[in-house]
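The values are calculated or read from the model by the stated rules, or taken from the named source; none is laboratory data. Computed from a predicted structure; not experimentally measured. As a convention, Cβ positions derive from the backbone with ideal geometry for all residues, glycine included, and neighbour counts pool all protein chains shown.
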Protein chains: 12
Amino acid sequence: MSVIKSIELIGSSPNGWEDAVKSAINEAKKTIRNIRRVTVDGFEVLIENDEIVSYQSKVKLYFMIER
Amino acid sequence: MSVIKSIELIGSSPNGWEDAVKSAINEAKKTIRNIRRVTVDGFEVLIENDEIVSYQSKVKLYFMIER
Amino acid sequence: MSVIKSIELIGSSPNGWEDAVKSAINEAKKTIRNIRRVTVDGFEVLIENDEIVSYQSKVKLYFMIER
Amino acid sequence: MSVIKSIELIGSSPNGWEDAVKSAINEAKKTIRNIRRVTVDGFEVLIENDEIVSYQSKVKLYFMIER
Amino acid sequence: MSVIKSIELIGSSPNGWEDAVKSAINEAKKTIRNIRRVTVDGFEVLIENDEIVSYQSKVKLYFMIER
Amino acid sequence: MSVIKSIELIGSSPNGWEDAVKSAINEAKKTIRNIRRVTVDGFEVLIENDEIVSYQSKVKLYFMIER
Amino acid sequence: MSVIKSIELIGSSPNGWEDAVKSAINEAKKTIRNIRRVTVDGFEVLIENDEIVSYQSKVKLYFMIER
Amino acid sequence: MSVIKSIELIGSSPNGWEDAVKSAINEAKKTIRNIRRVTVDGFEVLIENDEIVSYQSKVKLYFMIER
Amino acid sequence: MSVIKSIELIGSSPNGWEDAVKSAINEAKKTIRNIRRVTVDGFEVLIENDEIVSYQSKVKLYFMIER
Amino acid sequence: MSVIKSIELIGSSPNGWEDAVKSAINEAKKTIRNIRRVTVDGFEVLIENDEIVSYQSKVKLYFMIER
Amino acid sequence: MSVIKSIELIGSSPNGWEDAVKSAINEAKKTIRNIRRVTVDGFEVLIENDEIVSYQSKVKLYFMIER
Amino acid sequence: MSVIKSIELIGSSPNGWEDAVKSAINEAKKTIRNIRRVTVDGFEVLIENDEIVSYQSKVKLYFMIER
């Protein structure tokens, strides 16, 4: 039967956490196929000069290992 | 004094996690009254053919037990 | 070298969790300078009469101690 | 062999946490038989006008499923 | 979109933990349809007179809410 | 909307954990208004010469920030 | 410098959790000297015929190793 | 009332985790009487030359203290 | 001195969790040498039409980095 | 009886984690008296151009509230 | 196959956490043979008159049970 | 915006945990560029013949993905 692998990424976006997750998925898709599920394990915002400059989502991506 | 009960649901939506929480609350309202508080304990996205098809929010709903 | 302090706040907003985080940051900025990073450790919604009245984000703010 | 089910309740009392646990058990006994064990997973107090008005105990009740 | 509910059970068996999980699923199937996924969150053995008399598996069952 | 702040204290009492919580609340009330909720995250007893000399309750106090 | 050892016990009492802690300490004192600190990591009640028959406190005892 | 003590062991077996638990219980029975309950808190396998050589179960044994 | 790396996989099998672990190890062996230790951090079963179709074991594999 | 308060700081140093803890304590001593105990809840290193530039220790300081 | 036992100690030293671990191991060696592995689960410093007087390392020692 | 990836390594050294972290970073630098942050999630010592032979630091390395 098939085996699933997971990796951990941190995506970021100036627009929000859902956009930051998409950023991580888009990066991952360049080298990984068959992503099935993404869990979000951490939410942060970075601040400079009293303004939010980046939303960060720590994600775990689960994908099928192809053979 | 009153007693509160909690149940765990997973709501889903193609639009985002806040919408997925509303989906779970709307389902719960069909059979439960007096929901007071909802905590979110997990955030996921499901992916098919490299596209996000569903946001999932695992929630715990707290409601007053009526007597 | 510099020292960072963290405090815990709960922000709320009728519009969503990202807005609730901004609400907490805006309150903190009245008395704290040099906020650098905010992590979100809890997400809730409060419900009255079957409607969401408030989104709540429990946040930890990290800021440089000035000397 | 027998199967055990657990549910989560929050009992409250003006007198203390042990009384709040009894309040949750008494409510549960109205509809559930064969409760065997109760674990307490959270202790809180609610405060109004600088006075404690309620002790709250978050409990998990374990009971035999009858057949 | 569909909503998933979870409940927590403890199944037991004299034969092992996998059998104890089946025991919990079989009990649940009497009243619940559309079980999709079961996670196991605790493993125990009960001992009497120095012999294992029961394996216990604490499980969480996830099932679709039908409408 | 309003913002809530939390702080962590350890109260102690020779009489028990509920009294130790009251001790922490009484200390906090000297400088903080609008305490709403107190969660208890740790219970200890200190022992000297084989006798319990102090009950300690580690609490988190949540209070409204006034503006 | 001195070394501290910890052991885990579960004390029980029909009267409450503080009494159950004392029960564990009294048992430990028969064989252990120099107990300094006891943390409580779990609170349970056992129920028979719909009545609480026992309060249980899971404790960790810290004591100086004598040389 | 009676007091329960717990100790932590790691049993191992070439045959599987249930056998590894039995190995730990059998070792414990040489010096401890009245074991009642065993929880399993960790599951590992050791590998040499690409083959599983040992299953390891980290267990906590709970037993009555005799007086 | 040598450095160990860990990766996370989810193996599956129709026969049980130990077989699911072997499935993950066999997949890993195709590209990784010197696996030493595997910890199991999650156990699940997938269900279709009221029957268990797959056991899943979430594992962490530790292996020596070769130089 | 006395009340203890805790605050969370992150100290840093180019020399190591023990030095980073001292850095946090030294900063705290400027405004806080009666620090009794410091627990370390996180260890990090920051890296620039492949070189460690800073050790960071996340600490919780416990101090007596003076009255 | 062999069985491993673990015990929990807190070692202390005026010189640092590594020395505190050695202090715990040296104490344990007086009565225990075949210690194989020590994990460190907590790091503290004790402070008197604004000076660090002791580093404390909470350790778990794993050793083979001899037969 | 940029994406960060994390991997988990265990470094070891006969000299101490800080040296073990450096050992893991040095190994990682052979194949990874742009390491920014390293968190330490576990500290162990290995013992042979009653002597510490190795300090082990379990680390998570965070690095920028280059494009």
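Would you please name the residue that is farthest from B:K30 (Cα to Cα), looking only at residues in the range E:5-33 that are buried (at least 18 other Cβ atoms within 10 Å of the Cβ), facing chain D (nearest Cβ under 9 Å) and without any contact (Cβ under 8 Å) to a residue 40 or more places away in the chain? This residue is E:A20.
Across the range D:17-25, not a single residue is classified as hydrophobic (A, V, I, L, M, F, W, C) and assigned to a strand (DSSP E or B). For the range D:38-55, the criterion of being free of Cβ contacts under 8 Å to residues at least 12 places away in the same chain, part of a helix (DSSP H, G or I) and more than 15 Å from G:W17 (Cα to Cα) is satisfied by no residue at all. Scan the range H:49-63 and give yes if some residue there is closer than 17 Å to E:I47 by Cβ and β-branched (V, I, T), otherwise no. Yes - at least one qualifying residue is present in the range H:49-63.
Going by the structure shown, is G:L46 within 24 Å of H:I35 (Cα to Cα) and in contact with a Leu (Cβ under 7 Å, 6 or more places away or on another chain)?
So G:L46 does not fit the description; no.
Every condition in (1) under 25 Å from I:I65 (Cα atoms); (2) at pLDDT 95 or above; (3) out of contact with any helix residue (DSSP H, G or I) (no Cβ under 8 Å at 6 or more places or on another chain) holds for I:T31 except the one numbered (2). Per the conditions (1) within 20 Å of I:N15 (Cα to Cα); (2) within 14 Å of chain D (Cβ to nearest Cβ), the sole criterion not satisfied by E:R37 is (2).
Among the residues examined, I:S2 qualifies as closer than 28 Å to L:A24 by Cβ, within 14 Å of chain L (Cβ to nearest Cβ) and outside any strand (DSSP E or B). One residue is enough: does the range D:4-27 have a residue meeting the conditions over 18 Å from B:L61 (Cα atoms) and at pLDDT below 95? No, that holds for no residue.
Please determine, by comparing only the residues of the range E:43-60 that are within 11 Å of chain D (Cβ to nearest Cβ) and surrounded by fewer than 20 Cβ atoms within 10 Å (Cβ to Cβ), which one is farthest from B:I7 (Cα to Cα).
Here is the first cut: in the range E:43-60, the ones within 11 Å of chain D (Cβ to nearest Cβ) are E:46, E:53-60.
Narrowing further to those that are surrounded by fewer than 20 Cβ atoms within 10 Å (Cβ to Cβ): E:46, E:53-54, E:60.
Details: E:L46: 29, E:V53: 32, E:S54: 29, E:K60: 12 Å.
So, considering only residues that are within 11 Å of chain D (Cβ to nearest Cβ) and surrounded by fewer than 20 Cβ atoms within 10 Å (Cβ to Cβ), the one farthest from B:I7 (Cα to Cα) is E:V53.
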